[in-house]
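I have placed the structure first, in the form of structure tokens, so that the comments after it can refer back to it.
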Amino acid sequence: MPNTQGFEIVSEVTVNVLREILHAAWKSGDDLSGEGVIPEKLEIPPGTALGPYQLKEGTVQIPKETLGLDMETSINGVNIKLGTIVHVEVDNPPIPSAKFFDLTSDIEVKVPITTLEGGVNVGAKLDGLTSSDVSATITSGDPIGPITAAMVEEYVHEKLRNDDSFPKIYPDIPINFPPFSMDARLELYDDASDAAKTAKVTYPNPNQVKVAIPCYMRFYNISGSAFGFSMATPMGITATIEMITNFSVVDDQVEAKLSEAVTTLTGITPAPGAEGSNYTTNKTAANFGGIDLDAVIADNFALIAQNELTNIGDVQEQVPSVETIEDFIAEEVRKELVSRKEILIWEPAPPEGSDVTINDVTIKALDQGLAMALNNLGSGNANALSFFVPNDRDFATAINGAKVIAAINEAITDEFGSLPTTLDDKVEGKTVKLNSLTPSLKSGAIDLEGEVTVVDAIAGSIDVDADFDADVGLRWINNPDGEGQMIEPFVIGEPDVDLSLLAWILSFLIGFITFGIVGVIIVAVVLSIADDLAESIGAAVIRDDISDQIKGIGAWPQSLSNIGNIDALFANPIDIDSQSVLFSGTMIITSMHALTSEDFANSNGPYFAVGNQALLFDGGAEKATSDTFWDFDDGHTDILRKPSHVYGKSGLYIAKLRVAVTEEGGVTTRHFTKVNIENVAPQVLMPENVTVNEGEEVPLIIRFIDVNWLDTHTATIDWGDNSAPEDLIVSQTNEPPQAQGEMMACHAYCDNGTYTVKVTVRDDVGGIGIGQMMITVENVAPEVYLPDVLYSLEKQCVRLEGFFTDQGWCDTHTGVWHLGDCTKRNAYIEEINEPPQAEGLAQVAHAFDRCGDHQVKLDITDDDGATGVDTMIVHVNRLKNDMLEDGFYVFSLGGDRNDLVIANHWYPYAAQIESFAPSNNQTSIDLDYAYEIGVVSEGQRSQKMILSGNLQAGIMQRIGVNKDWDYEFTAHFHSPDYHRMIARIGIDPLGGADPSASSVVWRELTPGLQWKNITVRTRARAEQITLFVGGIQPQGGRNSIYIDQTALYQIQPHCPIEEQCEESCINFADLNSDTTITQEFEYQGLLFTPPQEGLFMTQIGNPQGQSKLGFHNAGMRITFPIVVDQVEVTITNHAGRVIFLEALFEDEVLENFQEIINNETKTIRIEVEQFNGLIIHGGDSEAALVEICLCMPIEDPTTIVEDEDEVSARPGTAATASSFNVQKKQNGTSMNNLIPLDMSE
């Protein structure tokens, strides 16, 4: 039987009751709950630290079925067990595997049971929990091992698939192994949709990691040859890049120094298709030459690895330990429980006016339940308490025996006063004296012993004394109205009366004792015990509304704040022993939200899909009392319980289901799940196969689709020839259900053949799509270009040149010249094999032995056998009567003038000149031409000329030549009057007959006593030149000169040197305005010659505020430092008059232009072949030159120094070398009419 161990009352509940309270507290933990309950879920805020990670968000569910509670006597409390489902999403994880933790864990919370604020209520005190009181044990397996194992592999995948800063393509890598050279393109693969192109990570031993990256290398621009062998091009290989480095996991840090990895190229295999076949061919041929092609490529790859692949970086990532994660979970739960403050177990509510006082409550955790000891009587020892709740009961309350006896004695005193005493009411008409009444407790009953005296009990005069002993038991009865329970006493058996009297009186005494004294006392005692019991345990007391008498009590406090209601019921028997009275019963604990639906979110994942495959998410069965919300982690949501969703991009998503119970007391829970969307490589859609010619541009439009429509793409095209792969511009749309893209490419092939065109489209997560097509390229014959006509001097070597082109610029060529004189020669070929076409010269040197027209043909054949042909006419001529031995003829001047004797095929020329000294000018002039026998340089005859007066004279001959060739004319001369005669030789490159023309290039030499040679050279500017040789006498008089042994030589240009120049624009912004210029001046390399009216600086017109060179109607002349073909002039004009422009070569006007410029600024382009000057005039004095643009010469650091005794014109110019002015007619033409001449014959 229970011993209250010095306390007035001890109440105990079983551990099962505490568990039911825990469940009720959990069920009452709705979305709006605060203190006093167990949460059904908790949310982890963004930014919370989990070891080295920061969380994006998290949620914890505490399912009801995981709740548990055991007694924890060591802390005088309980051990609450919470099973949790923990979902946390990591923000910016180092690898995808660390993005989401899907955990279950068991939480143990050691909570002391104590009196709460006020010292009366009893509960589990949560707000004092420390980290050591709460522990978590992960039950879903090791979450860190897989992350650690995947760290290096996923790091590599992230670099190869998603990191734009790490290149995956390395173009134009030079590879040289003499005599061969080439370029290479390295492409790294990591395509999750193709196992053969997926990077892999293995661990050869615990301290090493090996990264294997599939790759492809293409070799192009292959050049070089050895022993007649040239490599087939292009060629390609596939291989594996292996990177091996140290690996360690120390103090939760994973480290792999990939930047220090030993990197090699292994598994070299010929690539599919023609380029792989070419590699095999080249490798076999190289082996014969002692070259290991695999080793060469591997060695060159090592340089790439050293310079580039080390940029992949190092893996140095901290990972949380399992202990760290468990501590994190425990701490999050602890913080939540602390915020709940407490869980009530006993919350007494004594009625108003109660005189029951709870002085103190002492808590004792027992192995089987919880004891609450009330009101220490001074000797209370809670540690000595034992568990006394009967097996089939939930609670029990023991009242200290002394407390019960004191209550009975108090009831006796209240009813009878001090003893002995005469009872107020007669019993059976007799006066009764109650002499003594002593209560005690014994096993099973309350024992009442006493003595009574019945006055005049016998014969009306004899008093009878009797001792009695009655045992009274107690039992519970339910009130008929259902309000509470009441204790009902009952006498156990019949009272024991000690009488020596007659038996007839026995029944009277038994009835008296039972229903008189004992009955009255027991009723009073029962009411006292019931009142004290109810008020002590905080149960309800039910009183009569009129008499205020107790008519029933509750078995336990009826409610727990924030939790719910307690329905308790006392059960019989009421156990009595010498130490206490024990009341026990059962109870039902009902949550305040007991009827609210339970609907915990469960996403039922994980989920997996390929590409744009629709996923059916399962959030469980629809419930009318719940609202659902899916967040698919891609910006899309849904409110259906079982929605269908399509993801636009591959990757790992964390989908989140939220379920909110909408009933009062409902809870909103969340549940996360992984969604893995596998990438699908883009599909490349190639055009149909085509056939084209060499050099013909092939335009292609290539399209692709990608079911992962949010992927972005890059593309390259490999044309299958020796060219480098090209990056293409991608035009794409990214709308569901698939991305669509288009690329345009254009290419021309340099050689015939069949080519495999490969287009590679990469998405931004490593997916690789490849499309192929065939292009057949047909050979095109070379085109040959010969001039229509070529001149050559007889028996002089001439280099015949034919220009050819070939749209197949990789073709090589041979040529044959058919020379038209029964000879055939192989051509010497010089060619440039560069796009867009091969260009070459086919040359041959040949001397034609006879004059006449020769039809020459050139055949050019490419290396595929196609031939191109062109023909030309070679006019072979010679300087006639060059030695003056082929006879003379008489040239009649008419009238009384002397006939002239002229060497055959030559013509005379003469022109009057001005003397240095005007006094020497002779008004009469005369000529005499004759042939001379004996006075010769060589042979038998020479041409003799006698000049009278201030004039020049000689013989001339016109001959057909090649424009832009140099020609050298030479002759021998002699003059006995050498002190007054000067020999002169010249060439007019324009083929004119006027010795005074500015185009004639002259050279002069003073004769001596002996024959001398004189030579002049210039460049032909027309298809004929005129040769002049003779003398000039500036001092007048009558003097003779002899000419003999003339010769003409052709000097064929080889590589014409173009004058170096650069485009330059000259304006006058730096010159002062309001300045008049009347003198010729040079400005920025140009020579400006003003007319008599001069030029002026002005700022009128656009551009505003800029100085310009103004001119009057007479205009100005601008001389360029070189011959040009194009000039642009910008002129502003406000008069609205015509502006005239004249292109000049020296003094000759080559072409006229005019432009109307009316109150505006306009740029005019002048395009004329070979001019070196410009005249601008007109504009009515309101025009100005803003700018002139032309190709200005680049200064040559070399200086040409000429012999000061000889003056000759440089090729391509027309300067008069004479020191004398040629007399002009009024119309500006020379006076070459001394000899009427017609050279047309």
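FYI, it's all coordinate maths here, none of it is from the lab. Because the structure is a prediction, the values reported are computed rather than measured. Neighbour counts run over all protein chains shown; Cβ positions are idealised from the backbone, glycine included.
How large is log10 of I(q)/I(0) for segment 888-1051 at q = 0.14, 0.15, 0.19 Å⁻¹ when the intensity is taken from the Debye formula with one equal scatterer per alpha-carbon? Log10 I(q)/I(0), no solvent term: -0.69, -0.79, -1.23. Computed over segment 302-455, the quotient of the alpha carbon radius of gyration and 2.2 N^0.38 Å is 2.36. Sorted ascending by nearby beta carbons within 10 Å, beginning with the fewest, Phe672, Phe227, Phe617 become Phe227, Phe617, Phe672. For a paramagnetic label modelled on Gln306 (point 7 Å from Cα along Cα→Cβ), amide N atoms under 18 Å away belong, within segment 210-250, to 242-244. Full extension of the segment from Asp926 to Asp788, taken as 0.36 nm per residue of separation minus the current Cα-Cα distance, would add 45.1 nm.
Treating r as the C-beta distance of Leu893 and Ser998 and R0 as 30 Å, the FRET efficiency rounds to 0.65. Annotation for Leu1071 and Asn383: the two label points, set 7 Å from Cα along the Cα-Cβ direction, are 12.1 nm apart. Cα extents for segment 168-307 along the principal axes, largest to smallest and rounded to whole angstrom: 63, 31, 24. Across segment 872-908, the residues whose backbone nitrogen lies under 17 Å from the label position 7 Å along the beta-carbon direction of Phe803 are 872-873. So if R0 is 25 Å, what FRET efficiency would Gln1170 and Ala1114 give, r being the distance between their Cβ atoms, rounded to the nearest 0.05? Step by step, r from the Cβ atoms, then E = 0.45. In summary, segment 105-234 shows an alpha-carbon radius of gyration equal to 2.22 times the 2.2 N^0.38 Å reference for compact globular proteins. Projecting the Cα atoms of Ser339, Pro270, Gly635 onto the dipole axis of the chain, where Lys and Arg carry +1 and Asp and Glu carry -1 at the beta carbon, places Pro270 farthest toward the positive end.
Shape analysis of segment 205-288 based on the Cα gyration tensor places the equivalent ellipsoid semi-axes at 39, 12, 10 Å, largest first. Averaged over residues, the count of other Cβ atoms within 10 Å places the peptides 444-456, 18-30, 45-57 in the sequence 18-30, 444-456, 45-57, highest first. Highest-first packing order for the peptide set 605-615, 1103-1113 is 1103-1113, 605-615, based on the mean count of other beta carbon atoms within 10 Å.
Calculate the FRET efficiency for Gln253 and Ile492 from the Cβ-Cβ distance with a Förster distance of 60 Å, rounded to the nearest 0.05. The value I calculate is 0.15.
Pairwise inverse Cα distances across segment 783-877, averaged and inverted, put the Kirkwood hydrodynamic radius at 13.4 Å. Subtracting the Cα-Cα distance of Asp853 and Val338 from their residue separation scaled by 0.36 nm leaves 173.6 nm.
How much net charge surrounds Lys210 when only other residues with a Cβ under 12 Å from its Cβ are counted (Lys, Arg +1; Asp, Glu -1)? Local charge sum for Lys210: -1. Under conditions of 37 °C and 0.692 mPa s, segment 607-678 yields 258 µm² s⁻¹ as its translational diffusion coefficient, taking Rh as the Kirkwood radius over Cα pairs in the Stokes-Einstein equation.
With neighbours defined as other Cβ atoms within 10 Å of a residue's Cβ, the residues Arg475, Arg1017, Arg1003 order from fewest to most as Arg475, Arg1017, Arg1003. Modelled spin-label separation between Asn246 and Ala624, with each label point placed 7 Å from Cα along the Cα-to-Cβ direction: 7.0 nm. Principal axis extents of the C-alpha atoms in segment 1061-1182 (largest first, rounded to whole Å): 34, 29, 27. Placing a pseudo-label 7 Å from each Cα along the Cα-to-Cβ vector at Asn478 and Asn1152 gives an inter-label distance of 13.7 nm. Summed over qualifying helices (DSSP H, 4 residues or more, each -39500 (n - 2.57)) and divided by its residue number, the chain shows a 222 nm mean residue ellipticity of -3000 deg cm²/dmol. In plain terms, the bigger the Kirkwood radius, the slower the diffusion; for segment 683-778, with that radius from Cα pairs, at 37 °C and 0.692 mPa s, Stokes-Einstein puts D at 240 µm²/s. Its alpha carbons considered, segment 947-1008 gives a radius of gyration followed by a Dmax of 13.2, 38 Å.
With viscosity 0.890 mPa s and temperature 25 °C, the Kirkwood radius over alpha carbon pairs of segment 623-740 converts through Stokes-Einstein to a diffusion coefficient of 134 µm²/s. Our analysis of the chain gives Rg over Rh at 1.40, with the two radii drawn from alpha carbon positions and Rh computed by the Kirkwood formula. Fully extending the segment from Asp465 to Asn79 would add 132.6 nm, taking 0.36 nm per residue of separation and subtracting the current Cα-Cα distance.
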